[in-house]
1. Of Asp143, Asp188, Asp129, which has the most accessible area with a 1.4 Å probe, and how do the rest follow in descending order?
2. When the Cα atoms of the range 63-106 are enclosed in a convex hull and the volume is divided per residue, what value in Å³ results?
3. Not counting ligands, DNA or RNA, and with a 1.4 Å probe, what is Thr105's accessible surface area in Å² rounded to the nearest 10?
4. Tell me the Kirkwood hydrodynamic radius of the range 94-161 in angstroms, computed as one over the mean inverse distance between distinct C-alpha pairs.
5. Ignoring the sites themselves, what is the longest stretch of the chain with no GluC sites (Glu not before Pro) in a DSSP loop and at most 16 other beta-carbon atoms within 10 Å?
6. Spin-label point model (7 Å from Cα, Cβ direction): what's the Lys87 to Ile46 distance in nm?
7. Quick one: helix 136-148 against the long Cα principal axis of the chain, what's the angle to the nearest 10°, folded into 0 to 90?
8. Using a Gaussian network model of the chain with C-alpha springs under 10 Å, which one of Pro90, Pro81, Pro176 is most mobile by mean-square fluctuation?
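The values are calculated or read from the model by the stated rules, or taken from the named source; none is laboratory data. Here the structure is a predicted model, which is why all the values come from computation and not from measurement. No Cβ is skipped: glycine too gets one built from the backbone with ideal geometry, and neighbour counts run over all protein chains shown. Please note that ligands, DNA and RNA were not included when accessible areas were found on the heavy atoms of the full protein model with its side chains. Shrake-Rupley method; radii C 1.70, N 1.55, O 1.52, S 1.80 Å.
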Amino acid sequence: MSDYKPFEPLVKRIKEDGKCLPGGILKVDSFINHQIDPTLLQSMSIEFVRRFASVEINKILTIEASGIAPAVMVGFLLNVPVVFAKKKKPSTMADMLVTEVFSFTKNKSYSVCCSKEYLKEGDKVLFIDDFLANGNAAKGIIDLVNQAGATLSGMGFLVEKSFQHGGDFLRAQNFPVESLAIIGSLDDCKITFKD
Ligand code: 5GP
């Protein structure tokens, strides 16, 4: 499940419309992170469903905000609920699971939480997110899933940046990781894909 197969429609779109920012950031605001292309989103979600067809999934988990759109589309296709972990503790949420995540794009740590009502022992979870970089968000999700006594059936990312090595960490731990496009380098603000 972990051999890299590029999803060509996404690779093509990144080549056409992706922008590179200093500091190893890929900006995909025109089709994923701000304006969303629903047709591309649908095709990427169908691809996730195909790639995770052999595992049992009863829930999609993501982190707000940018993971929500792909997570909802995958949840719709699989007809399972979608839970987004929250970056601020809601005052109305009593019983919850909490973990800390370091954000390299914002250069600070923040708490991520999820109600125990929506992530429970026995859940078989597919985590979906827009980017995999250093893997800190993914590690936070692993912690929440472990705290709940649930199981991670898979982890799907639209874009992985292999030069930040979160993917190496997750694959070394045998998590089933699927990334639709893998960027090998953003050096000199040039987008180079892994082959
Ligand atoms: P990680 O926790 O794996 O280091 O980073 C993952 C999170 O950081 C993603 O959920 C995403 O929101 C954000 N992120 C990391 N790298 C990039 C990037 O190159 N571009 C954008 N737009 N977001 C990124």
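1. Result, largest first: Asp188, Asp143, Asp129.
2. Hull volume normalised by residue count: 103 Å³.
3. 90
4. 12.5
5. Working: sites that count: Glu56, Glu64, Glu117, Glu121.
Answer - 122-195.
6. Reported label-point gap for Lys87 and Ile46 is 3.2 nm.
7. In the chain, helix 136-148 runs at an angle near 20 degrees to the longest axis.
8. With Cα springs under 10 Å in the chain, the top fluctuation among Pro90, Pro81, Pro176 is at Pro90.
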